[in-house]
Amino acid sequence: MTTKKMTGLARLRAWMTNAGLDGLIVPRADAHQSEVTAAHDDCLAHISGFTGSAGLALVLNDQALIFVDGRYQIQARQEVDPADFEIHHLRDNPVDQWLKAQARPGWRIGIDAMKVALALYDRLETALAGRSALLVPLERDPFEAVWDDRPLPPLGSIRAVPTESTGESSTEKRRRIAGKLREMGADWLIETQPDNIAWLLNVRGSDVEMNPVPHSFLALGADGTTEWFVDARKLGNDHKAFEITGVGLTRPEDFLERVARLSTGKVVVIDADFTPHAVRARAGDGKILTRMSPITPAKADKTAAELEGYRACHIEDAVAATDFLAWLTAHAPERLGAADPLTELEAETKLLAFRGERPGFLEPSFRTISAAGANAAMCHYKAQPATNAVIDDRAPYLIDSGGQYRTGTTDLTRTVMLGSASAEMRIAYTAVLKGFLSLLSARFPTGTQGHQLDAFARRALWDVGLDYDHGTGHGVGHNLLVHEYPHRFDKKPNLHGLTPGNIMTIEPGYYKEGAFGMRIENQVEVIADGAGFCRFSSLTLVPIDLVMANLDELSIVEIHQIDAYHAHVRSVLEPLVRAQTLPFLIEQTCPIVERSRSPHLVRSDTGATVIALR
């Protein structure tokens, strides 16, 4: 553990003592509940070293606990010093349940009311009240006093998005959402989610890399009046243009004061899962309706123009990803015996270079997960110089990546095996593949919810006694956030029905700590499939590696599904990929029956059929 982390935790405890607090909640969140925060707001990493995108700490005078979800259990054990923090599960044993059982009478637990959504605030308050303890909302951010070299808040530039890309002007969107407010009997919507604001105003930002949304707040009236709380320095030459289009500009520093004025005697809609408690606290005598923001479902229903954009950028992305996989399978084996074997970081850089050649590419949609061997057992691993593993032939290599394009956002994962897989790897990969195919081919009634479909992807894994501790898929924004609320495939209930025009990922996996990890992911579009029914149409057009699959365990239906997918991939990509990629593309997409006649056919030590394509 570094001196900086020790100092940060010790200084925080000293501040707590001076403030008369027995504890402090430190979330991995900002005022917008962003999954990826600006460096200025990464307070949890400052005191703990944990760099994942979901977590929360409870710092007490004599102990500290950090809560992370299933994606980050392994990563937290590697990044967080156990002498400083106990590691708990964010979902299975959340902080409010811990406080409900362990808080001492009289405890005063501080919380930054601008960093905690009111739904969590209410759970914490209830848990502490049951123990005769008190939740104390703070007027100031405590880290301003204890973090000396804290980065400044971001000032990323904002750009306008043309209506031909979105399919609807900002004026039309604001008019439509204002109508929803009138239907709800509300006077105002207070919006704090950056991607909702970016969608509504047809803008994109650059406050955080790979997350093209501006940090700001917004108030929308039922009459269409719009007040945008944004630092005008981010707008540049577009400053006057936004004023002309009917959007009033106000400093973010004045946000809570304006909330108090706008709310007086009015009915105000706020989203309990995303809006900071401070907003509700300042609403005064206004009537608060805690509802999902009406922008959220509107944003998830993609327009025809947006859907065309997704389809176009996925072709470009598929060319880049397939060129990369061809390069990887050619170079990684030949460099294994050399002085400079191929590493995770080099592969990540090379994939970015391939994407950079594609028209419309702007930046990655998230930090690439380039993970070899045991590193792939960490679902959201990020290669660093200290962990930069060699991509060898002893364990699978997992590459999860995506791009932000002018016409959409992509997200895909492929797992490749450059050598002979063990029986354990083949069993797991075959189950992952079968689960992937099962959900990808599902036909379901319009409005079916994500948790009702999740088991399709897990059934094959459950059959062999395996599972994974993360969701099976998520919504994806349109040149917005790669993880878009509200739709999700998960074991936990997700009460948002899927309808044509929704964009999702399908990504089952399996992870063995200290050994390997594997995942297959495609991005899909929900499309109509007869009266009252839907199915998924794959946007991702990248070959699926079958080296680890026990092909004789696939059903005829599954074989036909893979063959049809690969035939489509080949037909689209064959004219577009590099010449040196063509042999790889043809080999990867040939029908399974042809693979079984290949001279590269080998038999595993268990007798199961395995196709070695290297």
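What does the charge dipole of the chain about its Cα centre add up to, to the nearest 20 debye, if the Cβ of each Lys and Arg holds +1 and the Cβ of each Asp and Glu holds -1? Let's see the in-between values first.
Details: 64 positive and 79 negative charges, 165 e Å.
Dipole of the chain, to the nearest 20 debye: 800 debye.
Quick one: Karplus J couplings for the range 562-572, per residue in order, coefficients 6.51, -1.76, 1.60, θ = phi - 60°, nearest Hz, x for Gly and Pro?
Residue by residue, the range 562-572 yields 5, 4, 5, 4, 5, 5, 5, 4, 5, 4, 6 Hz.
For Ile315 and Ser169, what does the FRET efficiency come to when R0 = 45 Å and r is the distance between their Cβ atoms, rounded to the nearest 0.05?
Working: r = 27 Å, r/R0 = 0.60.
Step by step, r from the Cβ atoms, then E = 0.95.
Enumerate the calculated ³J(HN,Hα) couplings along the range 545-561 in order (Karplus 6.51 cos²θ - 1.76 cosθ + 1.60, θ = phi - 60°), each rounded to whole Hz, writing x wherever the residue is Gly or Pro.
These are the phi-based 3J(HN,Hα) values: 5, 10, 4, 8, 7, 7, 5, 6, 8, 7, 6, 4, 4, 5, 4, 5, 5 Hz.
Within a 10 angstrom radius of the beta carbon, how do Asp223, Asp122 rank from fewest other beta carbons to most? Intermediate values should be presented prior to the final figure.
Details: Asp223 12, Asp122 17.
Ascending number of Cβ neighbours within 10 Å: Asp223, Asp122.
With a ≥ b ≥ c the root eigenvalues of the C-alpha gyration tensor of the range 270-340, is it rounded (a/c under 1.5), prolate (a/b larger than b/c) or oblate? Walk me through the intermediate numbers first.
Working: a/c = 7.72, a/b = 2.30, b/c = 3.35.
Since a/c reaches 1.5 but b/c is at least a/b, the shape of the range 270-340 is classed as oblate.
Can you list the aspartates and glutamates whose alpha carbon is less than 14 Å from that of Lys266, not counting same-chain residues fewer than 8 positions off?
Asp187, Asp223, Asp285
Can you give the FRET efficiency for Arg578 and Lys491, using 1/(1 + (r/R0)^6), R0 = 30 Å, r = Cβ-Cβ distance, to the nearest 0.05?
Values: r = 41 Å, r/R0 = 1.38.
Given R0 = 30 Å and the Cβ-Cβ separation, E is 0.15.
Using just the alpha carbons, could you tell me how many Å³ per residue the convex hull of the range 94-151 encloses?
Values: hull volume 5.7 nm³, N = 58.
Per residue, the Cα convex hull of the range 94-151 comes to 99 Å³.
Let me see the P(r) profile for the range 304-611: every Cα-Cα distance counted, bins of 10 Å, each bin given as a percent of all pairs.
With a bin width of 10 Å, the distribution comes to 6, 28, 38, 23, 4, 0, 0.
Got a sec? How would Tyr381, Tyr468 order by Cβ neighbour count within 10 Å, fewest to most?
Numbers: Tyr381 27, Tyr468 23.
Listing Tyr381, Tyr468 from fewest to most nearby Cβ atoms yields Tyr468, Tyr381.
Report the Cα centroid-to-centroid distance between the range 531-562 and the range 273-307 in angstrom, as an integer.
The two parts, judged by their Cα centres, are 37 Å apart.
Compute the normalised compactness of the range 3-146: alpha-carbon radius of gyration over 2.2 N^0.38 Å, N being the residue count. Present the calculation step by step, with values, prior to reporting the outcome.
Working: Rg = 13.8 Å, N = 144, 2.2 N^0.38 = 14.5 Å.
Here the Cα radius of gyration is 0.95 times the empirical estimate.
Name the residues whose placed amide hydrogens come within less than 5 Å of the amide hydrogen of Glu86, ignoring near sequence neighbours (fewer than 5 apart) on the same chain.
Result for Glu86 returns Ala64, Leu65, Ile66.
Give the separation of the Cα centroids, the range 150-201 to the range 59-113, in Å.
With the range 150-201 and the range 59-113 each reduced to a Cα centre, they are spaced 35 Å.
Kindly write out, for the range 55-68 in residue order, the coupling ³J(HN,Hα) from the Karplus curve 6.51 cos²θ - 1.76 cosθ + 1.60 (θ = phi - 60°), rounded to whole Hz, with x marking Gly and Pro.
Once rounded to whole Hz, the list reads x, 6, 10, 10, 9, 10, 5, 10, 7, 9, 10, 10, 10, 9.
Going by C-beta contacts inside 10 Å, put Asp393, Asp271 in order with the fewest on the left. Write down the numbers at each step before the final one.
Values: Asp393 14, Asp271 25.
Ascending number of Cβ neighbours within 10 Å: Asp393, Asp271.
In the range 304-611, with Lys and Arg counted as +1 and Asp and Glu as -1 at Cβ, which of these residues, Gly497, Pro486, Met548, has the Cα nearest the positive end of the dipole, that is, farthest along it?
Projecting each Cα onto the dipole axis, the largest value belongs to Gly497.
Mind listing the long-range amide H neighbours of Phe229? Cut-off is under 5 Å, sequence gap 5 or more, other chains count too, H placed in the peptide plane at 1.01 Å from N.
Phe217, Leu218, Ala219, Thr250
Counting only DSSP beta bridges with both residues in the range 3-146, tell me the antiparallel percent, nearest 5. Please list the in-between numbers first.
Values: 10 of 21 bridges.
If we restrict to bridges inside the range 3-146, about 50 percent are antiparallel.
Given charges of +1 on the Cβ of Lys and Arg and -1 on the Cβ of Asp and Glu, with all other atoms neutral, how large is the dipole of the range 115-257 about its Cα centre, in debye to the nearest 20?
Working: 17 positive and 24 negative charges, 69 e Å.
In debye, rounded to 20, the range 115-257 gives about 340.
Could you state the orientation-averaged shadow area of the convex hull built on the Cα atoms of the range 332-398, in nm² to one decimal? Walk me through the intermediate numbers first.
Working: hull surface 20.5 nm².
Mean shadow area of the hull around the Cα atoms is 5.1 nm².
If a/c stays under 1.5 just call it rounded; otherwise compare a/b with b/c (prolate if a/b is bigger, oblate if not). Do that for the range 159-298, with a ≥ b ≥ c from the square roots of the Cα gyration tensor eigenvalues. Intermediate results must be reported in sequence, preceding the final value.
Values: a/c = 1.65, a/b = 1.38, b/c = 1.20.
Here the range 159-298 falls in the prolate category.
How fast does the chain diffuse by Stokes-Einstein, in µm²/s, taking the Kirkwood radius from C-alpha pairs at 10 °C and 1.306 mPa s? Can you show the working numbers first?
Details: Rh = 25.7 Å.
After rounding, the answer is 62 µm²/s.
Each value in this text was obtained by applying a stated rule to the coordinates, not by laboratory testing. Owing to the predicted nature of the structure, the values given are computational and were not obtained by experimental measurement. Quick reminder, even Gly has a Cβ in these numbers, built from the backbone with ideal geometry, and neighbours come from all protein chains shown.
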